[in-house]
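In what follows, a structure is listed as structure tokens, so that the remarks can point back to it.
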Amino acid sequence: MNWINKVVRPKIQRILAKRDVPDNVWLKCPESGQMIHYKDLEANQFVVPGSDYHMRMTGKARLAALFDNGEYETVPTPEVSPDPLKFRDERRYTDRLKDARAKTGQEDAVLVGTGTLDGTPVVSAAQDFAFMGGSLGRAAGEAIITGLRTAVSHAAPFVLFAASGGARMQEGILSLMQMPRTTVAVQELKEAGLPYIVVLTHPTTGGVTASYAMLGDIHIAEPGALICFAGPRVIEQTIREKLPEGFQRSEYLLDHGMIDMVTHRHQLRETLSRICRMLMEARREELTAGPDLAGHAPPAIEVLDAAEEGIEASPEAGDTPAGEPGDEEQHRPAAD
């Protein structure tokens, strides 16, 4: 009977033993309560199949979904001193940074990459809300500026995926400085005549909304995204009034002329491809035509209509000049 104790019993114990399953293998939809396996969610671009709820994506997932074959080159960004103010609240700021880096695998909240979008060279930056709420600090500001200037040097359109709770309080005034700095970099891109397209995701708030996230030539929002400076709860507590249904959500902003379109994530890549291609073709024709015909790009409304309908639009003779360019947290399995 000794073989039973030595061979059979350990096998039975291993079968019946409690297995450690990461809590984030199964995720719960915040809207419907539906449980969905992480791999299924990942395969569906983090859109919950039943409710169509758009969950947050990491910066790496954003860039992989944008570029051809999911391939891109990461653009190195300048290093900054980690904690110039020696900030501490309940924990040291440096400890919070270490945790965020271990959790996301990124140095900071913004990832910049270059690649092609249906053959069109594109530079893109993606904010990762999982990194301290996608907050804007000096490192994130440097990344945005680097991305914009890389687009200028490559003569390529710049696509931004915004997702942020605002300025990073642990960096104080140094964080707020990034608002005017990034605004100047956006102006450099526009002076080069290159497209700046912003994709507003849930949530985009605070100082990010008050600076580079609302300076794009075209603003696209994902369905149901919260886009604001101060959130609805703060406003309600301040004015002591109930806000309208859907206030500050992407559909509400579209109805009130604050953004250009609301696009489902499954159609987002195709929409961005059409817009980038059309605007770059218009720029090439403008440069070829010379200074006498400069500025005769297709009006923005034509670009938007074509992008939404999937119809190629081309500039025609006599076109008028375009206007001025204008807390569920995403988890990953521990094994990742």
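The values are calculated or read from the model by the stated rules, or taken from the named source; none is laboratory data. This one's a predicted model, so the numbers in the text were calculated from it and none came from an experiment. Virtual Cβ from ideal backbone geometry, glycine too; neighbours counted across all protein chains shown.
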- Message: Residue under question is Gly172, and the condition is that it be out of contact with any His (no Cβ under 6 Å at 6 or more places or on another chain), at positive phi and either surrounded by fewer than 23 Cβ atoms within 10 Å (Cβ to Cβ) or assigned to a loop (DSSP other than H, G, I, E, B) (or both); does it hold?
- Response: yes
- Message: Restricting to region 140-156, give me the number of residues that are out of contact with any Lys or Arg (no Cβ under 9 Å at 6 or more places or on another chain) and either surrounded by 24 or more Cβ atoms within 10 Å (Cβ to Cβ) or small (Gly, Ala, Ser) (or both).
- Response: 6
- Could you list, in sequence order, all residues of region 277-291 that are buried (at least 17 other Cβ atoms within 10 Å of the Cβ) and more than 19 Å from Glu191 (Cβ to Cβ)? Arg277, Met278, Glu281
- Looking at region 179-197, which of its residues are touching a strand residue (DSSP E or B) at 6+ places or on another chain (Cβ under 8 Å) and among the hydrophobic types (A, V, I, L, M, F, W, C)? Met179, Val186, Leu189, Leu194, Ile197
- Is it the case that region 208-219 has a residue that's part of a helix (DSSP H, G or I), over 18 Å from the mean Cα position of the chain (by Cα), of a type in the set (Ser, Thr, Tyr) and closer than 25 Å to Phe67 by Cβ? no
- Among the candidates Leu160, Leu215, single out the residue that is of a type outside the set (Val, Ile, Thr) and surrounded by fewer than 23 Cβ atoms within 10 Å (Cβ to Cβ). Leu215
- Message: Can you pull out every residue in region 121-135 that is buried (at least 20 other Cβ atoms within 10 Å of the Cβ) and outside any helix (DSSP H, G or I)?
- Response: Val122, Val123, Ser124, Ala125, Ala126, Gln127, Asp128, Phe129, Ala130, Phe131, Ser135
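A quick yes/no check of all residues on (1) modelled with pLDDT of 55 or more; (2) closer than 26 Å to Ser124 by Cα:
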{"position": "Leu243", "(1), (2)": "yes, no"}
{"position": "Gly246", "(1), (2)": "yes, no"}
{"position": "Met278", "(1), (2)": "yes, yes"}
{"position": "Arg283", "(1), (2)": "yes, yes"}
{"position": "Gly295", "(1), (2)": "no, yes"}
{"position": "Ala313", "(1), (2)": "no, yes"}
- Quick one: Pro244 ticks every box in (1) surrounded by 21 or more Cβ atoms within 10 Å (Cβ to Cβ); (2) of a type outside the set (Phe, Trp, Tyr); (3) touching a Phe, Trp or Tyr at 6+ places or on another chain (Cβ under 9 Å) except a single one, so which number is it? (1)
- Taking helices (runs of 4 or more DSSP H) that fall entirely within region 34-109, which contain at least 3 residues that are within 21 Å of the chain's Cα centre (by Cα), at pLDDT 95 or above and surrounded by 13 or more Cβ atoms within 10 Å (Cβ to Cβ)? 59-66, 93-104
- Would you mention how many residues in region 145-188 are hydrophobic (A, V, I, L, M, F, W, C), within 19 Å of the chain's Cα centre (by Cα) and farther than 30 Å from Arg88 by Cβ? 9
